[in-house]
Every structure is written in structure tokens, then in C-alpha cells.
Amino acid sequence: MTLRIFLTVLEILLFVGVLGFFLNRITQQLVSVNKTLAKITFGVRAVETQCYAIGPAADRINANLSSVAAGLEDAASRAERLAR
């Protein structure tokens, strides 16, 4: 009877030890993932900061290109009239 109690206690201790070991490994992996996500977040914010000026500049470029396109259409119609 004493042997059974001893083996049961040993089995429980072994189970708790293995469970603790793997929970520790999972914690290490989660810490690693957290560090990686922090780096990614930092990089995305840096890209966002660098690209902030693209929107207004693209609007100005599009406005200029619209006026150029209108001028080219006018020039093309004048060239067609001169060719006749």
C-alpha cells in the first residue's frame, strides 16, 4: 500500500514538473513573439511616418497632370485642324 502511495505522489510530482517545463517553454515562445511583433509595429509606424507626405504630393501631381492632359488634348485637336 505504501508503495502505491509513493508511486502516485511521484507520478503527480513528475506530471507537475513536466507541465511546468512546457508552460515555461510556451512562455518563452510568447515572449519571443511579443518582441517580434513590437519590432514589426515599430517598422510599420516608421513607414507610416515616412509615407505621410505622399498623399498631399500625389494630389498636387494629379492636379498638374490633369492640366497637362487638358493642354495635350487641346494641342492634339489643333494639330488635327492644321493637318486638314
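Just so it is clear, none of the values below were taken in a lab; they were calculated from the coordinates. The structure displayed is predicted, hence computed values, not measured ones. Because the Cβ atoms are built from the backbone with ideal geometry, glycine has one as well, and the counts that use them run over all protein chains shown.
Using Rg and Dmax of the Cα atoms in Å as the read-out, say which of (1) 35.3, 116; (2) 21.6, 58; (3) 18.7, 62 was calculated from these coordinates. It is the value labelled (1). Dipole of the chain computed with +1 at Lys/Arg Cβ and -1 at Asp/Glu Cβ about the Cα centre; of L82, L30, L14, farthest Cα towards the positive end is L14. Taking the Cα centre of the stretch 37-81 as reference, the dipole from Cβ charges on Lys and Arg (+1) and Asp and Glu (-1) amounts to some 220 debye. Computed from Cα atoms, the angle from the helix 54-83 axis to the main principal axis of the chain rounds to 30 degrees.
In the chain, which chymotrypsin sites (Phe, Trp or Tyr not before Pro) fall in coil by DSSP and have 16 or fewer other Cβ atoms within 10 Å? Those that pass, being in a loop and sparsely packed, are Y52. Taken about its Cα centre, the chain carries a charge dipole of about 180 debye when Lys and Arg each add +1 at the Cβ and Asp and Glu each add -1 at the Cβ. Across the stretch 6-13, computed HN-Hα scalar couplings (Karplus, 6.51 cos²θ - 1.76 cosθ + 1.60, θ = phi - 60°) run 4, 5, 5, 4, 4, 5, 5, 5 Hz from first to last residue, x flagging Gly and Pro.
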